[in-house]
1. Could you tell me what percent of the DSSP beta bridges with both partners in the chain are antiparallel, to the nearest 5?
2. Report, in deg cm²/dmol and to the nearest 500, the calculated mean residue ellipticity at 222 nm for the chain, where each DSSP H run with n ≥ 4 adds -39500 (n - 2.57) and the sum is divided by the residue count.
3. Where does the charge balance sit around GLU406 when Lys and Arg score +1, Asp and Glu -1, over other residues with C-beta under 12 Å from its C-beta?
4. Where a ≥ b ≥ c are the square roots of the eigenvalues of the C-alpha gyration tensor, would you call segment 376-458 rounded, which needs a/c under 1.5, or, failing that, prolate if a/b is larger than b/c, or oblate?
5. Quick one: how many lysine pairs in the chain have C-alpha atoms under 28 angstrom apart, if they're 8 or more apart or on different chains?
6. Using per-residue counts of other Cβ atoms within 10 Å, averaged over each peptide, order 509-520, 456-467 from highest down.
7. Just to check I understand the Karplus step: with θ = phi - 60° and J = 6.51 cos²θ - 1.76 cosθ + 1.60, what whole-Hz values come out for segment 265-277, glycine and proline as x?
8. Can you classify segment 329-471 as rounded, prolate or oblate using the Cα gyration tensor, where a ≥ b ≥ c are the square roots of its eigenvalues, rounded means a/c under 1.5, and otherwise it's prolate if a/b beats b/c and oblate if not?
Amino acid sequence: DLSKVDAVASAQAAGLLAGAVMTVRDVLKDPQLASRDWWHEITHWHGTALPYPGFPFRMSESHPPRPRRSPRLGEHSRVVLDLTPPDPLEEQRRPMPEGPSSSLHLPLEGIRVAAITVVWAGPHVAQLLGEWGADVINVEPVNRIQPYTRGAENVQSRETMLRGAEIGVQPQYPDADPGDDPWNRFASFNSHARNKRSMTCDIMSPEGREAFFELIKHCDVLVENNVPTTMDKAGISWEVLREINPRLVMLRMPAFGLEGPYSSYRAFGLHVEAMVGHTHLRGYPDRGPEAIGETLASDGLSGVQGAVAVMMALRRRAETGLGQQIEMPLNEGFIPTLAEYLFQYTMNGVNPPSQGNSHHIRAPYGVYPCRGDDQWIAIDVGSDAEFVSLCDSLAAGPGEASVQSELAHAPLDTRFAHAAARLANSDALDELIAQETRVWNKEDLFHKLQAAGICAGPLNDPFDALSDRHLREVGFFEQMTIDGVGTHRYPGLTFTMSRTPNQLRTPPAKLGEHNREIYCDLLGYSDAQVADLEARGLVGTAYPDELLPGQFRNAIATSNDSRE
């Protein structure tokens, strides 16, 4: 009998991760956003005041300009034309970021980043900063396992993983072998841990906190995406850290913010996307939300936003000499991407329904079957001319000879002759298109439709992506060797810059791999001090056996047996 909001509150109080599947109307009434005064009320030129999404992050020392309404077409043409041309020497006169390196080859070379991050959103920020040249140090506990980070709580035996692969569940370990140290072989972690170093440090202990505070003295940036109460228990806050290092930039990435009724909620991107309306919108109209898979869109988006926010703060620091805190809740970063749907409700009173693969104003728009098992292509038609081109391309068939096709006459059919009619009869149109696409190889059809000026793309799985000709020719995947893991291809750089050549510089760091060089060389600890921390289980390179779940130890034993 509980409402979905109350059910989430009860689950969170019990320590469970949960998020309600909100509609757009629910989001506009969300008490968390209201308590944070997040919405901007903006009066449009026609005189109506409407709530607009707020900013994706808040900076303690850099305040954004007051939001303005959207402009009329050409409203500011004269203002722009009267602007003074930019001074080409202005950028050269700006102070460069300070750091230990005197030679800045990559944009962030000389910048040091401490990362207390879990799962993907926070690690993705650190990954991007590392790709841009920063010295990223992962601060990881060795006396407790961080959920969904190095995979230590979910490892399975090789036999179990091979059985899963038969039904499409791909192993998270090379050759489906967890090995003796699965935490160093976990694919999800290794995918974002390149160009980073690792030190083990228990920030919950006095000794670990002392080491961490010493590290902060040597850092320019701290990235963390933990539940706020976790950092509170560790005694780590912006107020404390800025006293230690006034130049520090601290990025905090709570799921729902540092304040408000949801501030203590634990959530992954899956739960955030549900709470902001994304899960509802992309659900199928005739099925429940459980029928759709997760997208991880929130984590990926937050990673880029967080990295950009850090760059903004570093630029500001170069001008003022002072750092600042950036608060970037995942939900507040995601909602602006859904603004179009919010306005459907605030302007027209329409609470947008689940739409699956369809579109609310375009048709045809969706995914269509191709030749083979579970092979699909996405097609989006935006104009009458494109629709004629689509029909001509599909009616010809995959061979050279023309074949009889009902779709060939579709542009003359009153049901499909213009955009509004196609939208009203989209189900019938989708059936006609599917009849034609199912005889095509998805790659061949992709290239044919693109050549005809139609937006289309094959639905690729990871194996398709690895063999994709375009990605291969642009050199996106890079080969990297990891000791104890082997040589494999990894996704390359997220951004490439024409005047700043770059590549994957170092393989993913093993747990505590750089303890000695960080504790001794950077923080000034003696070998004896580090040895004492190791003896007490506060520093190390492997999780102790008693910490590992039973199935974890069994999986390691089974893996060892299978290799003997």
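1. About 50 percent, rounded to the nearest 5.
2. -10000 deg cm²/dmol
3. Overall, the nearby charge balance is -2.
4. Prolate, because a/c is 1.5 or more and a/b exceeds b/c.
5. Taking the Cα cut-off of 28 Å, the pair count is 7.
6. By packing density, highest mean first, the sequence is 509-520, 456-467.
7. 5, 8, 7, 9, x, 3, 6, 4, 4, 5, 6, 9, x
8. It comes out oblate by the Cα gyration axes.
Readers should treat all values here as calculations from the given coordinates under stated rules, not as data from a laboratory. All values reported here derive from a predicted model rather than from experimental measurement. As a convention, Cβ positions derive from the backbone with ideal geometry for all residues, glycine included, and neighbour counts pool all protein chains shown.
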